[in-house]
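So the structure is just underneath, and the comments pick up after that.
The values are calculated or read from the model by the stated rules, or taken from the named source; none is laboratory data. In this text the structure is predicted, and so the values were computed from the model without any measurement. Backbone-built Cβ (ideal geometry, glycine too); neighbour counts: all protein chains shown.
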Amino acid sequence: MLKFECKNCNKWHPLPFHVSSVEVRCPDCSQTILGADIYVTSGPLAITKEALQKNVHKYKRLVQNAEKEVEELKKRGAARGLDTTQDQGGAFAMHLRELLCGARDDTRYRVAEEMTLKYFFSGLNHVAKVVDISLTGVCLQTQDASSPKTGATIPLRFVDAGAEAVISGEVAWSGKAGLIGVRFTRLTKEQEDFIRELILKKCALETVSGAG
Ligand SMILES: [Zn+2]
């Protein structure tokens, strides 16, 4: 999760998005804060996004070491008949991984409320379930055996509360069981706002972990 501190009202506020701009506005006092320190947080850990991005390789190594350590502990624990999966080390490694995820500028958000869209492919309209979404693309669960393959260009039709947006996308990868990743090829300002709104409404504002 991202948050920043408003020096004016002395409160921490969550930021629902990866803000690319250098200024953020306090939702309480409407104060515009230039160059605010934006923190990436996960559980008890918090670090400024800037510092995190500068040292991503270091933190990646740290995560790998922590995970290795946890594996070792698990093995040793299992040998003695103990379950150490919920131990502190495991939680630490998980939070670290989550932090790294927050350093990405194309953070994906898991859809909390059922969301579908239509896409046009090989002369037909198809319905797909949105699995996660970011400002740069969507992961879709397609229903058809003949889902579009990597490299295909497909128009995506999002509908939300009567408003709709048709956004051009390119299939970046296609995986098992009809899962595909589609990158938006370009977004107008209006389309970007539409996607932001959609994420705010439909997604649990915690990020999706893992690479991709
Ligand atoms: Zn404030």
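Details
- Against the list (1) modelled with pLDDT of 80 or more; (2) surrounded by 12 or more Cβ atoms within 10 Å (Cβ to Cβ), the condition residue 30 fails is (2).
- Residue check, residue 38 in contact with a strand residue (DSSP E or B) (Cβ under 9 Å, 6 or more places away or on another chain), at pLDDT below 80, within 16 Å of the ligand (Cβ to nearest atom) and of a type in the set (A, V, I, L, M): no
- Strands (runs of 3 or more DSSP E) contained entirely in the range 122-212, each with at least 3 residues that are surrounded by fewer than 17 Cβ atoms within 10 Å (Cβ to Cβ) and at pLDDT below 90: 163-174, 203-207
- Flag for residue 166 being touching a Ser or Thr at 6+ places or on another chain (Cβ under 6 Å) and without any contact (Cβ under 8 Å) to a residue 24 or more places away in the chain: no
- Leading residue by the ranking (nearest to residue 201 (Cα to Cα)) among those in the range 115-164 that are acidic (Asp, Glu) and more than 22 Å from the chain's Cα centre (by Cα): 164
- Conditions (1) assigned to a strand (DSSP E or B); (2) away from the ligand (no atom under 13 Å from the Cβ); (3) modelled with pLDDT under 80: number failed by residue 17: (1)
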